[in-house]
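Enquirer: This is the structure I have questions about; it appears just below.
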Amino acid sequence: MTDMHFLAPANPPEKVSLEGLEDKWAKNWDDAGVFAFDRTADKANIYSIDTPPPTVSGSLHVGHVFSYTHTDVVARFQRMCGKEVYYPMGWDDNGLPTERRVQNYFGVRCDPTLPYTENFVPPFEGGDNKSSKAADQLPISRRNFIELCEKLTAEDEKQFEALWRRLGVSVDWKQTYQTISPDAVAVSQKAFLNNLARGEAYQSMAPTLWDVTFRTAVAQAELEDREQPSAYHRLGFNGPDGKIFIETTRPELLPACVALVAHPDDERYQPLFGKTVRTPLFDVEVPVVAHRLASQEKGSGIAMICTFGDVTDVIWWRELDLPNRAIIGWDGRLISEAPEAITSEKGKEVFAELAGKTTFSAKQRIVELLQESGDMVGEPKPITHPVKFFEKGDKPLEIVSTRQWYIRNGGRDESLRDELIAKGKNLAFHPDFMRVRYENWVNGLTGDWLISRQRFFGVPIPVWYALDADGNPDYDRVLTPSHDLLPVDPSSQTPAGYTEDQRGKANGFIGEVDIMDTWATSSLTPQLAGGWIADPEKFAKVFPFDLRPQGQDIIRTWLFSTLLRSHQEHGELPWTNAAISGWILDPDRKKMSKSKGNVVVPAEPIDNHGADAVRYWAASARLGTDAAFDEGMMKIGRRLAIKLLNASKFALSFEPSDKNAKVTEAIDQSLLLNLAEVVNEATKAFQSYDHTKALEVAEQFFWNFTDNYLELVKERAYGHGEYTSAEQSSAALALRKALHTMLRLFAPFLPFATDEVWAWWQNTGSIHRAAWPTAEELLEGLDGSNIALLELSKEALFGLRKAKSDAQVSMKANVESATLVSPATVLTELRKLEADFKAVGKIETLNFEEGEEFAVKDVVLAPAEEV
RNA sequence: GGUCGUAUGGCGCAGCGGUAGCGCACUUCCUUGACAUGGAAGGGGUCACUGGUUCGAUCCCAGUUACGACCACCA
């Protein structure tokens, strides 16, 4: 191998600086297509990344910068290893966050009954993110609403892209997708139809967790428990032998009571099992039943079962085969019709009074009535207890019986669950223990995945239903489109064999109005990013993906659902590796979140410290580990980047005087021998997704290089004094070789500074397409026995510096004489350093002496006047 | 209540079966011709607690405590 490319003259600028490097190199990379994916590459040679599509519904924060840096570092490493990296970017512009944001930003809300308005101008633009009252929002058609969604998300996407470019995320910007695009809708619908055809998707009329604000069903994965104030109300039921007292936090559900329940082993209530009691106020006869989920300790040990107060009610209702007397409507208010079971005049009267009230008002009123009638004992007893909320909602969830679509996820099928657990074992989680979160979630599933949402902005469920002779939908006759027609909107398109005028008519059809859960589309990011429908040839090359980077909080949603869909659709894992980033905490180690108001806008640290510095901070945190927002760390990163520029400029200022330069000197060989080990360590670390280790070893070597080696050999590299041309050339060449390798080791972390230096002296294009360094390229022609010398030289320098520091003189102070003491074997090595050491230490006479321990002694400084 | 993770100098983190390291901060010094956005030399920790294994534990095992996360619990 020729060393010619090391010898090329370098042209660093007069004064080096980090300023402006981001813009300069971001543009260069874009112009030269450095990160463009070459689709002609062999599948085996492609490294594909299933990028998290950021939710384009609000502002970015440093958490994005953090995790995207982790991914980018891997992408750049793989690219330098010769892989053709498929690194697309997606935008998640579906779902409630976008819908909400559009409502507030433009002051509108969607009313699907309204007609489309041409050239619609919203009431205003740029509203804040606080929720405004629905009454203040202008109702507009669904199509107008979606247009506004698209308008707003397009603006957001531009901002996101600009930030990623500044940060140096090496995405191929020609490879992007949006979850709202027609292609994404088609992918989502096709996958759903395949699920349907295979029997994995089905519809069911069932009690469903329901958000009364958004008026939509929500899925298990979207639940969140919140501690809420509540109160126990002690109510007396009329039993055969007197009053039975129960305690309830939901007295307003008394008209929906279908039974009382106690634990089978509870001796207090065993005599009542099989008998009936009558409800207070409504005088409805209900059975007393036994069930293992009833707790003897809670309340009075006997509870009323209502349709439906909580999920336990649903279990009891289902397992005990009880009647349904649901009284909560879609709007969260009590329905107008009393359940048929209420037959007494008084009961009907009471219900009529409650009808139409919110649960809150109904509760207040029924408590008054119960107290008046004497059926309630004492005052409500305040407690706090956890209540299920939709994670984005602000009212407790109700349970409402509705017809919904589900996808089988193993929640009701042990064998599928086992298959999914087994699949998870083949996925390499980084860090490995994150797999536990996945397994916990799979094992804790309580039902199938509810994917239908009663919203307007999203992917329509692509089916119609036939209407019978009376004009009622026959939900068993699901009409589906053929795949080549996708995407479809069943509310404006017709199923095959029908015409539009048959919509809603007897023997005609109706379109499904629901849309799919946002995860139903997000779970298909490998298919979206890979071009499953649009570009099957590409898809075959990039799928399964090599890497899924994501946050730990969405293992149960995004990771799980993606794995599930891939298992169903392709029978294999969607990726081989999952890299899980930790949280960003504020400097007080609290999790950053909008509600706490401690979110840092990501452009700020980049402005203040530079992209390389911010990347350094992010890359210093290991996968799966939370990290504090730490500007101190960014300063260190900035210092490293600046040092890299300066040290490079200095090292490159030395040119080998010998055209056939060889690294001949022992200390120069030692440098490269040590660097070869660093290369091996860094490579190994990267291969096991331990980027912090790779950075650490490179950084440690680099500082030793500048602080010690460079100091030690610079006199020789200058060619000062008695050095021969070969000796001078050895140093100069070693410096260049080391730099050539170190720059590449740093390239994934500090892409701007490293490409800047690379461009000073290499004509080979971007460093980010240069080959990842190998130990072999460094080791050629070296004598391995010299390896320890670098460390020895460091020790010797420390000793000398300490002597000068103790004497409080400049490091440049002349020394008349000094003695190096060391064991005999080491002494032989140290003698090889004599000339360099004398030169750097300005030592007149250097003595060597044999001794037990290494030391620098007898340092005699020259009189100050002679300096 | 279950599971997982974390616990190392003031702060942020490495580490490892053989009596502790790095960076920041701190102290002192050096305005050296790559870099004052710099450099050098220092001080500072009984590695959360209690047991066990071992010749020897910060590192392995068991338990405890604290913190974080996820899940479960909603009468």
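Enquirer: Nearest 10 degrees is fine. How inclined is helix A:182-197 to the longest principal axis of chain A, computing both from alpha carbons?
Expert: It is inclined by approximately 60 degrees.
Enquirer: Which pairs break 18 Å Cα to Cα here: A:Lys151/A:Lys174; A:Lys794/A:Lys842; A:Lys24/A:Lys83; A:Lys635/A:Lys737?
Expert: Over 18 Å apart, Cα to Cα: A:Lys151/A:Lys174; A:Lys24/A:Lys83; A:Lys635/A:Lys737.
Enquirer: Using a 1.4 angstrom probe on the protein heavy atoms only, line up A:Glu337, A:Glu419 by accessible area, largest first.
Expert: A:Glu337, A:Glu419
Enquirer: If you don't mind, another one. If ligands, DNA and RNA are left out, what is the accessible area of A:Glu849 with a 1.4 Å probe, given in Å² to the nearest 10?
Expert: It works out to around 70 Å².
Enquirer: With only alpha-carbon pairs counted, each pair once and no self-pairs, how large is the Kirkwood hydrodynamic radius of the stretch A:1-128 in angstroms?
Expert: Final number for the Kirkwood radius of the stretch A:1-128 is 19.8 Å.
Enquirer: Could you sort A:Val860, A:Val678, A:Val121 by their accessible area in this structure, using a 1.4 Å probe and putting the largest first?
Expert: Solvent-accessible surface, decreasing: A:Val121, A:Val860, A:Val678.
Enquirer: Using the Kirkwood radius built from alpha carbon pairs, what does the Stokes-Einstein equation give as D for the stretch A:439-495 at 25 °C and 0.890 mPa s, in µm² per second?
Expert: 175 µm²/s
Enquirer: Given Cα positions, please report Rg to Rh for chain A, the hydrodynamic radius being the Kirkwood one.
Expert: Using only Cα positions, Rg/Rh for chain A is 1.11.
Enquirer: Here is a further query. Just to compare against my own numbers: the Cα pair-distance distribution for the stretch A:655-774, 5 Å bins, whole % per bin, please.
Expert: It works out to 2, 12, 20, 21, 19, 15, 7, 3, 1, 0, in whole percents.
Enquirer: Once fully extended, how much extra length lies between A:Ser688 and A:Arg278, figured as 0.36 nm per residue of separation less the alpha-carbon to alpha-carbon distance?
Expert: Working: separation 410, 0.36 × 410 = 147.60 nm, distance 6.67 nm.
In short, 140.9 nm is gained.
Enquirer: Indicate the gyration tensor shape class of the stretch A:54-194 (rounded, prolate or oblate), computed on the Cα atoms with a ≥ b ≥ c the square roots of the eigenvalues: a/c under 1.5 is rounded; otherwise a/b larger than b/c is prolate and the rest oblate.
Expert: Prolate is the answer for the stretch A:54-194, as a/c is 1.5 or above and a/b outweighs b/c.
Enquirer: Express the Stokes-Einstein translational diffusion coefficient of the stretch A:695-838 in µm² s⁻¹, to the nearest whole number, given a Kirkwood radius over alpha-carbon pairs, 20 °C and a viscosity of 1.002 mPa s.
Expert: For these conditions, the coefficient is 124 µm²/s.
Enquirer: Given a Förster distance of 25 Å, report the FRET efficiency between A:Arg831 and A:Lys659 from their Cβ-Cβ distance, rounded to the nearest 0.05.
Expert: 0.25
Enquirer: Still on this structure: Whole-Hz ³J(HN,Hα) for each residue in the stretch A:310-324, computed from phi via Karplus 6.51 cos²θ - 1.76 cosθ + 1.60 with θ = phi - 60°, x for glycine and proline: what do you get?
Expert: Each residue's phi maps through the Karplus curve to give 7, 5, 5, 3, 5, 4, 4, 4, 6, 6, 9, 6, 8, x, 9 Hz.
Enquirer: Okay, moving on. Which value, in debye to the nearest 20, describes the size of the charge dipole of chain A about its Cα centre when Lys and Arg Cβ atoms bear +1, Asp and Glu Cβ atoms bear -1, and nothing else is charged?
Expert: 980 debye
Enquirer: Along the charge dipole of chain A, which of A:Gly126, A:Ile787, A:Ala818 sits closest to the positive end, that is, farthest toward it, with unit charges on the beta carbon of Lys, Arg, Asp and Glu (+1, +1, -1, -1)?
Expert: A:Gly126
Enquirer: Please state the relative contact order of chain A as a whole percent: Cα pairs under 8 Å, 6+ residues apart?
Expert: Across chain A, relative contact order equals 14 percent.
Enquirer: Taking the stretch A:649-745, which GluC sites (Glu not before Pro) meet the DSSP loop condition and have no more than 10 other C-beta atoms within 10 Å?
Expert: Working: sites: A:Glu665, A:Glu677, A:Glu681, A:Glu696, A:Glu699, A:Glu711, A:Glu715, A:Glu722, A:Glu727; in loops: A:Glu665, A:Glu722.
Those that pass, being in a loop and sparsely packed, are A:Glu722.
Enquirer: Given H placed 1.01 Å from N in the peptide plane, which residues other than close sequence neighbours of A:Trp575 have an amide H under 5 Å from its amide H?
Expert: A:Phe545
Enquirer: Quick one: which residues, 5+ away or cross-chain, put their amide H under 5 Å from the amide H of A:Glu816? H built at 1.01 Å from N.
Expert: A:Glu844, A:Val860, A:Leu861, A:Ala862
Enquirer: Cβ neighbours within 10 Å, averaged per peptide: list A:564-577, A:176-189 in order, most packed at the top.
Expert: Listed from highest to lowest mean packing, they are A:176-189, A:564-577.
Enquirer: With both partners inside chain A, how many of the DSSP beta bridges are antiparallel, as a percent to the nearest 5?
Expert: Values: 61 of 94 bridges.
Within chain A, antiparallel bridges account for around 65 percent of the total.
Enquirer: Name the long-range amide H neighbours of A:Gly90: under 5 Å, sequence gap of 5 or more, or other chain; modelled H, no Pro or chain starts.
Expert: Amide H neighbours of A:Gly90, under 5 Å, 5+ apart: A:Tyr177.
Enquirer: Go through A:491-497, A:71-77 and give me the packing order, highest mean Cβ count within 10 Å leading. Write down the numbers at each step before the final one.
Expert: On the way: A:491-497: 14.7, A:71-77: 25.1.
Highest to lowest by the protection proxy: A:71-77, A:491-497.
Enquirer: May I pose another question? Per-residue HN-Hα couplings for the stretch A:705-718, Karplus 6.51 cos²θ - 1.76 cosθ + 1.60 at θ = phi - 60°, whole Hz, x for Gly and Pro?
Expert: 4, 6, 6, 10, 4, 4, 4, 5, 9, 5, 4, 6, 5, 5
Enquirer: Compare A:Asp225, A:Asp783, A:Asp50 by solvent-accessible area with a 1.4 Å probe and give them largest first, with all protein chains kept in place.
Expert: Numbers: A:Asp225 95, A:Asp783 75, A:Asp50 0 Å².
Output order, biggest surface exposure first: A:Asp225, A:Asp783, A:Asp50.
Enquirer: Please calculate the 1.4 Å probe accessible area of A:Trp558, with all protein chains present, and give it to the nearest 10 Å².
Expert: 10 Å²
Enquirer: Could you rank the peptides A:254-267, A:832-845 by their average count of other C-beta atoms within 10 Å per residue, with the highest value first?
Expert: So the order, starting with the most tightly packed, is A:254-267, A:832-845.
Enquirer: Note down the magnitude of the dipole of the stretch A:268-387 about its Cα centre, charges +1 on Lys and Arg C-beta and -1 on Asp and Glu C-beta and zero elsewhere, to the nearest 20 debye.
Expert: I would put it at about 320 debye.
Enquirer: In nm², what is the average projected area of the convex hull enclosing the Cα atoms of the stretch A:208-302?
Expert: Average of the hull's projected areas for the stretch A:208-302 equals 7.6 nm².
Enquirer: A further question follows. Using a 1.4 Å probe and ignoring any ligands, DNA or RNA, find the accessible area of A:Tyr202 and quote it in Å² to the nearest 10.
Expert: Here the accessible area works out near 50 Å².
Enquirer: Still on this structure: With θ set to phi - 60° and the Karplus curve 6.51 cos²θ - 1.76 cosθ + 1.60, what are the ³J(HN,Hα) couplings of the stretch A:237-248 in order, to the nearest whole Hz, using x for Gly and Pro?
Expert: 9, 8, x, x, 10, x, 6, 10, 9, 10, 10, 9
Enquirer: How long is the stretch A:241-291 along each principal axis, judged by its Cα atoms, biggest number first, in Å?
Expert: So the three principal-axis extents are 29, 22, 16 Å.
Enquirer: Something else about it: For A:Leu223, project a label point 7 Å along Cα to C-beta. Then give me every residue of the stretch A:294-325 with its amide nitrogen under 14 Å of that point.
Expert: Counting only backbone N, you get A:309-316.
The values are calculated or read from the model by the stated rules, or taken from the named source; none is laboratory data. Since this is a predicted model, take the numbers as computed values, not measurements. All Cβ positions, even for glycine, are placed from backbone atoms using ideal geometry, and neighbour counts span all protein chains on display. Just the protein is used for accessible areas: all its heavy atoms, side chains included, with ligands, DNA and RNA removed. Shrake-Rupley method; radii C 1.70, N 1.55, O 1.52, S 1.80 Å.
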